[in-house]
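Reviewing the structure listed below.
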Amino acid sequence: MNTAAEVGTVLLVHPGIYNDFNPLAFPPWGALSVASHLRAHDINTVVADLNGQDIYASMTALLREHAPAVVGFTCKLGLAARRFREAVECVRRERGDDVRIVAGGPLVSTYPDPLHPLWDSVDNLLLGDGESALLTLLTDPEGANHSAHSEVDLNEVGWGMWWPELGDYVRPAEYWPNMNARGMHVASARGCTRRCTFCYLNTHVPGKRFRYVGAERLFDRLIDLRETFNTTGYYFVDDCFIDRGQHRLNDFIEVNRSHGNPFVYGCDVQLPDLADPATLERMHTSGFRCLYLGIEAASPAVRKSLGKGSVREPVETLVNRALDMGFLIRASIGIGWPGETLEEMKATVDLIGRVDRLAFDAYKFFPLPGTPLGESAYWAARRDMALTKDQLLEDSYADYSEFNANYSGVPDAELEEVWGHMLDLEQSRLAAYAATPMFPPPPPAT
Ligand code: B12
Ligand code: SF4
């Protein structure tokens, strides 16, 4: 086994998803979590978030300042993948083969073939959770190159409070419509109790369902954040906050109640989570104010093909009821699903029209490799083609917003017309969302 001293300094880098926009909205929780685990094992680990920064200049400065023996990257789709490649090239130009490059994050699980050009010059690819995988790789000289998906107890992993830049991600109350609290985005769970057919979780943590920080521990961490940064609002970036059995939600509500419900929250929800008004009532009492809702399509048949689960009441009834109860809702809605008809696309636009208080993010279906829907709609056939290195890279630089091919069977011109309506609605609804009055008043300062 290598000792911590033999491992040397590890630099974990989030290359970032934007070149020049919104750099401090989301802390790089993945890199922070992996770094906390390494630091707990006495490995000197530094974290850098390059979101919005010039990759080459920032990487060069980091390499000179920290002289790392290992550089690990959080890899994601789209522009993030391009930025990652730029960073790898910078490391090799500056340090040659003198440094070990490790890649982790969802992009690795999406493109797991070590021979893919995305991974040129990368020494190790690690799938899934990075904490114990990276520790094993670094401390065990025989460590597997392509580890099986590893898992870690989230209650045992640190929180990133040691990271000097964490406070930079705190946003003032005006930033959080309907929450009216100084706050930040927080990650506290991995995986999901569902398995939608288009979702990245089919490859990122296959077989590993929902895992989360226990309610008491999570609440203690939120209090730590409040004591350090004076925050009382937390928007969870967890893909799933409410497990199907609502065990986690119930525990969290109870812990909040026993502490006098001092915080306000936002979290992800699915349509079935809106079915029970009593649950929503309890969430509201606990401080939940903002919900990010996975609607995806109006048609029950399309939603069924996506594995979204079924609901008995009409979607607008569920959404309007939650809005009336004081929640602010922002939804994710797509078109161009494989097999979707023009009528089904129009039904989605009609639904949005009927719920005029609904804010949403619009997107066209993107066939993510390794997902059931992505494979059947695109990748199974694409893999049989002899593609050049550049074509392979172009594929992997695509993401939900830019990769705009049409997989639905509806003629392009007709799809584009519906898409145009959706984009117009999206813009006006997001503007209204951002202008939501600061309601209710902030929780009392402590
Ligand atoms: C918050 C978030 C955002 C925020 C920004 C976050 C940021 N600063 O990057 C916003 C909303 C802006 C956003 C935008 C987009 N996002 Co986003 N986002 C997330 C979200 C919900 C949370 C990220 C997070 O903090 N996770 C929690 C941490 C703990 O997990 P993690 O980072 O994955 O880290 C773990 C492992 O991956 C691994 N790991 C991570 N880094 C490393 C490094 C090493 C060396 C190792 C070994 C391991 C390792 O270990 C960590 C701990 O175990 C994730 C989904 C999710 N829940 O993860 C999607 C997700 C990352 N986003 C995704 C996508 C596609 C996008 C967009 C491209 C979508 C779009 N509209 O086009 C855009 C990017 C735009 C662009 N220009 O590129 C995908 C990526 C899919 C993929 N296969 O790469 C995800 C997985 C969700 C999805 N829908 O599929 N996103
Ligand atoms: S509910 Fe969301 S996170 Fe869960 S499987 Fe479906 S798309 Fe993925």
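The values are calculated or read from the model by the stated rules, or taken from the named source; none is laboratory data. Note that the structure is a prediction, hence the values are computed from the model and not measured. Cβ sites come from the backbone with ideal geometry, for glycine too, and all protein chains shown count toward neighbours.
Just a few scattered comments:
- Residues being closer than 11 Å to Trp337 by Cβ and touching a residue at least 60 places away in the same chain (Cβ under 8 Å) - total across the range 368-382: 1
- Strands (runs of 3 or more DSSP E) within the range 24-116 that include 1 or more residues modelled with pLDDT of 95 or more and within 16 Å of ligand 2 (Cβ to nearest atom): none
- Set Leu63, Leu50: member being aliphatic (A, V, I, L, M), within 12 Å of ligand 1 (Cβ to nearest atom) and either in contact with a Leu (Cβ under 6 Å, 6 or more places away or on another chain) or touching a residue at least 24 places away in the same chain (Cβ under 8 Å) (or both): Leu50
- Residue check for Phe241: in the same structural domain as Phe366 (by TED's automatic domain parsing) and buried (at least 20 other Cβ atoms within 10 Å of the Cβ): yes
- Number of residues in the range 133-156 that are at pLDDT 90 or above and either within 12 Å of ligand 1 (Cβ to nearest atom) or not in a loop (DSSP other than H, G, I, E, B) (or both): the value is 8.
- Taking the criterion of being within 16 Å of ligand 2 (Cβ to nearest atom) and either modelled with pLDDT under 95 or out of contact with any helix residue (DSSP H, G or I) (no Cβ under 7 Å at 6 or more places or on another chain) (or both), the only residue of the range 274-292 that qualifies is Tyr292.
- Failed criterion for Leu351 (all others in (1) under 25 Å from Leu79 (Cα atoms); (2) among the aliphatic types (A, V, I, L, M); (3) surrounded by 15 or more Cβ atoms within 10 Å (Cβ to Cβ) hold): (1)
- For beta carbons closer than 6 Å, sequence separation of 6+ or different chains, a first residue in the range 110-136 that is more than 13 Å from Gly30 (Cα to Cα) and a second that is outside any loop (DSSP other than H, G, I, E, B) and basic (Lys, Arg), the qualifying pairs are Pro117/Lys389; Ser121/Arg92; Asp123/Arg100.
- Qualifying positions in the range 369-425 - small (Gly, Ala, Ser), surrounded by fewer than 18 Cβ atoms within 10 Å (Cβ to Cβ) and more than 20 Å from Pro114 (Cα to Cα): Ser376, Ala381, Ser401, Ala405, Gly409, Ala413, Gly420
- Answer from Val46, Val34 - the residue that is outside the structural domain of Leu368 (by TED's automatic domain parsing), in contact with a helix residue (DSSP H, G or I) (Cβ under 6 Å, 6 or more places away or on another chain) and buried (at least 22 other Cβ atoms within 10 Å of the Cβ): Val34
- The set of residues in the range 324-346 being aliphatic (A, V, I, L, M) and surrounded by 17 or more Cβ atoms within 10 Å (Cβ to Cβ) consists of Leu328, Ile329, Ala331, Ile333, Ile335, Met345.
- When the range 85-107 is filtered for residues that are free of Cβ contacts under 8 Å to residues at least 12 places away in the same chain and aliphatic (A, V, I, L, M), nothing remains.
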